There are 2 protein chains.
Amino acid sequence: MTAGRRLLVRDLAQLATPAGAGAPLRGPSLGKVDLVKDAYVLIEAGRITAVGRMRDLPALGDDVQELDGRGLCAVPGLVDCHTHPAFGGDRVEEFSVRAAGASYEELHAAGGGILSTVRATREAGEEGIARAVERHRGWMLRQGTTTWEGKSGYGLDRETELASLRAVAAAGGAPTWLGAHAVPPEFEDADAYLDFALAEVLPEAARIAEAADVFLERGAFDAGQARHYLTACRDAGLALRLHGDQFTEAGAIPLALELGARSVDHLEATGSDGARALAAADVTAVLLPASALFLNRPMPPARALVDAGAAIALATDFNPGSAFCESLPLVCGLAATQLGLAPAEALAACTVNAAHVLGRAEEVGRTAPGYAADIVLLDAPDWRYLAYHLGGDLVHTVLVRGDPTRLR
Amino acid sequence: MTAGRRLLVRDLAQLATPAGAGAPLRGPSLGKVDLVKDAYVLIEAGRITAVGRMRDLPALGDDVQELDGRGLCAVPGLVDCHTHPAFGGDRVEEFSVRAAGASYEELHAAGGGILSTVRATREAGEEGIARAVERHRGWMLRQGTTTWEGKSGYGLDRETELASLRAVAAAGGAPTWLGAHAVPPEFEDADAYLDFALAEVLPEAARIAEAADVFLERGAFDAGQARHYLTACRDAGLALRLHGDQFTEAGAIPLALELGARSVDHLEATGSDGARALAAADVTAVLLPASALFLNRPMPPARALVDAGAAIALATDFNPGSAFCESLPLVCGLAATQLGLAPAEALAACTVNAAHVLGRAEEVGRTAPGYAADIVLLDAPDWRYLAYHLGGDLVHTVLVRGDPTRLR
């Protein structure tokens with residue numbers, strides 16, 4: 001949309017946005033949605049200037065473009081706060097073998113897993129990585145994702161890690177340096193690799209990335225190594241994230257609290273102590289049900305976390321090995337059917353709360369005056385089809401800063 | 001495509017089709033796929049006349065239209081052999097309440113469930129039902145479904161049941177009379193309702209429908225009532241289907257064998273005796289993992305059924321209450337991640353074996369000479385993305401009898 005031009009999205013069946021102000025939303029506030037039926041949204045210079053009922057629409061000048069919202073519902077542009085889009089190749093062979101019975105950890109131990117993608121990503125090179133990230137960004141947009149985080153972590157050498165971060169930034173994502181994803185084959189052990197990464201990669205990574213992340217898990221990095229890595233990253237100005245409690249409780253939540261991390265992500269193995277600790281902290285629990293589904297493992301204890309008062313977000317975990325899924329609408333469906341979350345809780349978790357994880361909650365995550373005009377129009381009579389229409393092709397149009405892309 | 005004109009789909013990355021001839025495929029045969037890389041398909045008058053490698057492509061005259069298959073993979077048009085597309089309204093409110101904790105059976109007992117859709121479907125009337133079925137048929141096509149069964153069962157009075165069957169037939173589906181879905185409120189008990197349905201609805205239903213179906217379950221119809229209903233339907237010339245073993249084993253498999261039914265569908269509660277019985281019979285086990293996911297209930301024992309030698313098919317169970325999901329690609333993803341089926345097994349289960357359930361396996365279900373040119377082109381470098389790319393928007397083009405519809 002031309003800067004300054006106004007756009008009126010009119011006659012929407014519904015407009016739904018997480019209620020209240022501020023972020024993150026917790027407890028009963030997480031389930032509250034402001035709902036306007038027969039609604040309009042007025043956009044100017046890429047920002048929302050007004051929303052309301054059609055019958056209250058004020059007279060507008062004739063410089064206003066119109067977009068017909070009949071039969072559509074508007075929700076905020078979705079925010080995916082945990083993706084791994086910078087990789088070469090795929091893992092469809094491993095997926096097919098695992099479908100017939102091999103476990104993820106067995107495949108990883110047998111030389112499949114993350115390191116097979118590291119090889120393919122290094123081979124892809126800077127241009128190949130940039131093309132892959134651009135393709136994946138397009139996939140996300142088709143599913144209604146307008147703000148997204150993208151991690152490196154399939155390079156694990158200086159050149160490929162930095163190329164991954166640059167590719168995410170160039171495609172409009174929020175880059176996270178997942179330097180501590182796995183130990184690459186050219187290093188003897190995790191400590192030696194981390195020494196290299198912090199000395200040789202961090203200085204430049206900190207100029208591109210917004211955050212740093214670590215895979216704290218049996219077979220990856222332990223709590224001491226994660227503390228060493230994250231402390232150095234924090235000192236370099238990066239916000240902190242952790243992959244934790246995916247297969248085992250290995251100290252990720254206490255470490256996240258100790259270091260003031262923005263989030264701890266996965267939590268499939270988190271028990272009641274972990275939930276209580278998160279409830280008392282300003283660390284968001286990022287839940288990734290598509291990953292649990294993809295690996296056929298237990299779902300994270302979402303209901304217990306919300307009921308304890310923890311702030312949660314939902315994300316896809318898009319990656320080639322454990323969640324080849326970029327669809328936040330499907331994640332909302334999983335949240336409603338597998339995690340015991342109401343559609344309103346799921347919506348807040350992948351909009352305002354996910355934006356909070358990315359430090360963007362004042363900019364995106366609500367369809368309300370003052371926010372960026374990132375809006376998804378769903379081909380549905382009720383906005384809750386976002387969770388209800390499982391696997392449905394329901395994203396009709398996506399507006400990014402007021403600029404509409406029609407998808408069906 | 002104009003009758004007689006030839007269409008060449010060229011330069012396909014891959015063409016994959018269930019191997020062998022005949023149907024249904026069982027045991028090790030279920031997992032075999034004929035794969036051609038760098039492939040072409042030649043179509044004439046809506047039928048496939050040749051498939052092969054590009055380097056073996058014979059010289060063709062200049063009356064041949066071409067379709068560029070670069071970057072795409074061809075699989076047979078998907079066959080959905082179990083859907084309930086003829087309904088009014090939706091159940092998004094019930095879905096949202098259930099997400100917060102109420103069980104399906106509790107909602108059903110509280111006056112939600114099937115009977116709330118019966119009210120909405122009767123209110124929709126013949127035109128409303130026809131519009132709904134047409135809309136749902138469009139959704140299925142966008143997910144690659146080119147052959148589908150559609151059940152009545154939300155009318156449960158003469159007029160609405162017949163209108164539902166006519167709507168399915170008019171939209172190109174295979175109509176199944178699910179006259180025994182539930183007992184409508186105007187009848188005291190199941191026996192009185194069945195007397196009415198068999199006397200007043202069956203004679204005309206048998207002229208429109210291809211098959212009859214019954215919901216054999218605690219709270220719906222028992223085995224004796226199902227036998228009474230199905231026997232009358234068989235005598236009227238209809239093929240037989242059963243909803244069985246969804247929540248409890250209530251005799252559906254023995255009854256299906258006794259009556260020579262084409263399928264017994266659901267089977268989430270089926271034990272090893274049931275699997276052995278099906279292995280020895282010409283009754284296909286139709287598995288509906290999207291329904292199990294939607295209701296957060298146990299998955300059907302797919303691996304045990306296949307390993308025992310039973311013929312299985314996969315379907316969506318698309319309906320507003322327990323599976324608002326028309327996506328067979330998502331069902332294939334669930335098959336690979338939740339049911340322990342390899343992508344090749346999933347493909348055969350929702351093509352050739354599903355076609356067998358509908359009595360159409362000589363016509364559709366394979367991408368091979370002599371079959372109808374119903375073909376799905378996937379935007380993927382490997383056909384197994386059908387299962388791997390979970391929730392992905394990967395259906396690029398669908399050909400129905402050689403006529404292509406581009407979807408992205």
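Assorted remarks:
- Per-residue mean of C-beta atoms belonging to partner chains within 10 Å, peptide B:93-102: 6
- Accessible area expressed per residue, region B:3-57, with surrounding protein chains retained (probe 1.4 Å, Å²): 45
- Interface burial for A against B (accessible surface, 1.4 Å probe, total of both chains, Å², rounded to 100): 3800
- Taking only Cα atoms of the protein assembly as shown, radius of gyration then Dmax in Å: 26.7, 84
- Residues in region A:363-408 occluded by at least 40 Å² - accessible area, probe radius 1.4 Å, against chain by itself: A:ARG384, A:TYR385, A:TYR388, A:HIS389, A:LEU390, A:GLY391, A:ASP393, A:ARG408
- A Förster radius of 45 Å, combined with the Cβ-Cβ distance separating A:ASP273 from A:GLU123, puts the computed FRET efficiency at roughly 0.55.
- In chain B, Cα pairs under 8 Å separated by at least six residues give a relative contact order of 21 percent.
- Compared with the dominant Cα axis of chain A, that is its longest principal axis, helix A:158-170 is turned about 0°.
- Across region A:57-167, Cα-Cα distances exceeding 25 Å account for 43% of all pairs.
- Size of electric dipole in the protein assembly as shown: Cβ of Lys, Arg +1 and of Asp, Glu -1, about Cα centre, debye, nearest 20: 1100
- Fraction of beta bridges assigned by DSSP in the protein assembly as shown that are antiparallel (%, nearest 5): 50
- Largest GNM mean-square fluctuation across B:ALA174, B:ALA281, B:ALA132, computed for chain B with C-alpha springs under 10 Å, falls on B:ALA281.
- Note on A:GLU258 and B:ASP307: the model spin-label points, each 7 Å out from Cα along the C-beta direction, lie 4.4 nm apart.
- Copy-to-copy label separations for B:ALA59, where each label sits 7 Å from Cα toward Cβ, in nm and ascending: 7.6
- Relative to the longest principal axis of the Cα atoms of chain B, the long axis of helix B:223-235 makes an angle of roughly 60 degrees.
- Occluded residues from region B:279-299, i.e. those whose accessible area drops by 30 Å² or more once the chain is not alone (1.4 Å probe): B:LEU293, B:PHE294, B:ASN296
- Here the chain A residue lying nearest the rotation axis onto B, judged by its C-beta and given with the distance in whole angstrom, is A:GLY391, 3.
- Residue (of A:PRO254, A:VAL79, A:PRO175) at the positive-pole extreme of chain A, dipole from beta-carbon charges: A:VAL79
- For chain A, adding -39500 (n - 2.57) for each run of n ≥ 4 DSSP H residues and dividing by the number of residues yields -10000 deg cm²/dmol at 222 nm.
- Chain B - percent of accessible surface contributed by carbon and sulfur, probe 1.4 Å: 48
- Degrees separating the helix B:328-338 axis from the principal Cα axis of chain B, which is the longest one: 80
- Candidates A:LEU198, A:LEU386, A:LEU377: whichever shows maximal mean-square fluctuation once chain A is modelled as a Gaussian network with Cα springs under 10 Å: A:LEU198
- Potential lengthening between A:SER29 and A:LEU60 on full extension [0.36 nm per residue; Cα-Cα distance subtracted]: 7.7 nm
- Label zone at B:ALA170, where the point sits 7 Å out along the Cα-to-Cβ direction: region B:123-137 residues whose backbone N lies under 12 Å: B:125-135
- Threshold 50 Å², region B:305-348 residues less accessible with all protein chains present than alone (1.4 Å probe): B:PHE324, B:THR337, B:GLN338
- Taking only alpha carbon atoms, region B:164-306 gives an Rg to Rh ratio of 0.97, where Rh is the Kirkwood radius.
- For region A:186-231, trypsin sites (Lys or Arg not before Pro) are listed when DSSP marks them as loop and at most 16 other Cβ atoms sit within 10 Å of their Cβ; the list is A:ARG218.
- Scattering curve values for chain B, log₁₀ I(q)/I(0), Debye with Cα scatterers, q = 0.07, 0.09, 0.14 Å⁻¹: -0.31, -0.51, -1.19
- Shortest first, B:ARG406 label-point distances to identical copies amount to 1.6 nm, with the label point at 7 Å from Cα along Cα→Cβ.
- Distances between equivalent label points of A:GLU362 across the copies, with each point positioned 7 Å along Cα→Cβ, amount to 7.3 nm, shortest listed first.
- Accessible area per residue, Å², region B:79-326 with all protein chains present, probe 1.4 Å: 32
- Note on B:ALA50 and B:ARG135: the extension gain reaches 27.3 nm, defined as 0.36 nm multiplied by sequence separation minus the Cα-Cα distance.
The values are calculated or read from the model by the stated rules, or taken from the named source; none is laboratory data. The structure displayed is predicted, hence computed values, not measured ones. In this analysis, Cβ positions are derived from the backbone assuming ideal geometry, glycine residues included, and neighbour counts consider all displayed protein chains. Ligands, DNA and RNA are excluded from the accessible area calculation, which covers all protein heavy atoms including side chains. Shrake-Rupley method; radii C 1.70, N 1.55, O 1.52, S 1.80 Å.
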